[in-house]
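**Student:** Input: one structure, supplied below.
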Amino acid sequence: MTATLLAPTAATTAPAPLYNAARLWAPADPAVELTVVVPFYNPGAALRPTIEKLVACLTAEQVSYEIIAVSDGSTDGSERTLAGLPGVRVVVSGVNQGKGGALHLGFAAARGAWIGFVDADGDIDPRHLAEYLRVARAGGHAGVYADKRHSTSGSASSPFRKLVSMVYSTLVTLLFFLGMRDTQTGCKVLRRDVLAELLPRLRERRFAFDLEFFVAAKAAGVRGFVGAPVTLEERVAGSTVGSKAILRTIRDTFVIFARLHFTTQYRPAPTGALVLRPVTAWNQQLAEAA
């Protein structure tokens, strides 16, 4: 299967719905173990090498995959550079919503039993996705996330970005007590049913998406997320995280805090915490799908 371009339609000229959980509750396609969603905004020529590296890695690891590259209102025509890549689908949003909005669009089209996402910047080696999938498979975890605070992680980020990251992670720890050191590094693999349960609760369209996901998971009683090492390299594409994005993310963080404590947005249904399929049943389904 080669890259398929889904042209903008009337439905993508205005902000799209934030979720379509019904599709995720449908059975996974037995031919697709891992869906990888790659959101991007005006990455130019840097996009194709990043996706090519991802294709090569998953092929070498013999993972049955699909890649959904989501253009978040890009105006540079970068989506056209993906033509001909095997296993790649392109979804084009006519408006720029932000990372979270683009991820929601990609998730709605996902067919895999496991669903991952990775930034298009090129600073995260896609081999991490294959590693995280192995960890998730073996332990039946709800998800595996990149943890740049892990003792064996490494980073080529600038001192300023490292400082911003440290300050933000400290803020998150003080506000939410999630029991994890890093919510924001853009590489994760999640169980399909976990994502289906939590996605309808999420409202963040931009960089606070990752934080909101873990806050909603804790509030709903979902456990079993594991941090794993990650190596952050030099960025291939320019970063979209400027001072305005940083300030907006901090603002959105306090909005999430308010939702958590003053609304029922993230709380489980009156019958109690979310009821997910037992890990043993989930592993059995994956084995049957394989």
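**Student:** If the chain between SER64 and THR264 were fully stretched, how many nm would it gain, using 0.36 nm times the residue separation less the Cα-Cα distance?
**Tutor:** The SER64-THR264 span can extend by a further 68.2 nm.
**Student:** Apply the Karplus curve 6.51 cos²θ - 1.76 cosθ + 1.60, θ = phi - 60°, to the phi angles in region 49-57 and return the couplings in whole Hz, x for Gly and Pro.
**Tutor:** Whole-Hz 3J(HN,Hα) from phi for region 49-57: x, 5, 5, 4, 5, 5, 4, 4, 5.
**Student:** For a quick protection proxy, order the peptides 257-263, 35-41, 222-228 by their average other-Cβ count within 10 Å, most packed first.
**Tutor:** The most tightly packed comes first, giving 35-41, 222-228, 257-263.
**Student:** Rounded to the nearest 0.05, what FRET efficiency do THR75 and ILE246 give with R0 = 30 Å and r taken as the Cβ-Cβ distance? Could you check?
**Tutor:** 0.85
**Student:** Length gain on complete extension for the stretch ARG149 to THR231, per 0.36 nm per residue less the alpha carbon to alpha carbon distance?
**Tutor:** 28.5 nm
**Student:** Which pairs, out of LYS99/LYS218; LYS53/LYS188; LYS99/LYS244; LYS162/LYS244, put more than 20 Å between their alpha-carbon atoms?
**Tutor:** LYS99/LYS218
**Student:** For region 56-206, what does the convex hull of the Cα positions come to per residue, in cubic angstrom?
**Tutor:** In region 56-206, the Cα convex hull volume per residue is 145 Å³.
**Student:** Grab the alpha carbons of region 4-270, take their convex hull, and tell me the volume per residue in Å³.
**Tutor:** So the per-residue Cα hull volume is 127 Å³.
**Student:** Which Cα, out of LEU82, VAL164, LEU103, lies furthest along the positive dipole direction of region 4-270 (beta carbon charges, K/R +1, D/E -1)?
**Tutor:** Farthest towards the positive pole: VAL164.
Computed from the coordinates by the stated procedures, all read-outs in this text should not be read as laboratory data. What you see is a predicted model, and the numbers here were worked out from it, not measured in a lab. Don't worry about glycine lacking a Cβ; one is built from the backbone with ideal geometry, like all the others, and counts go over all protein chains shown.
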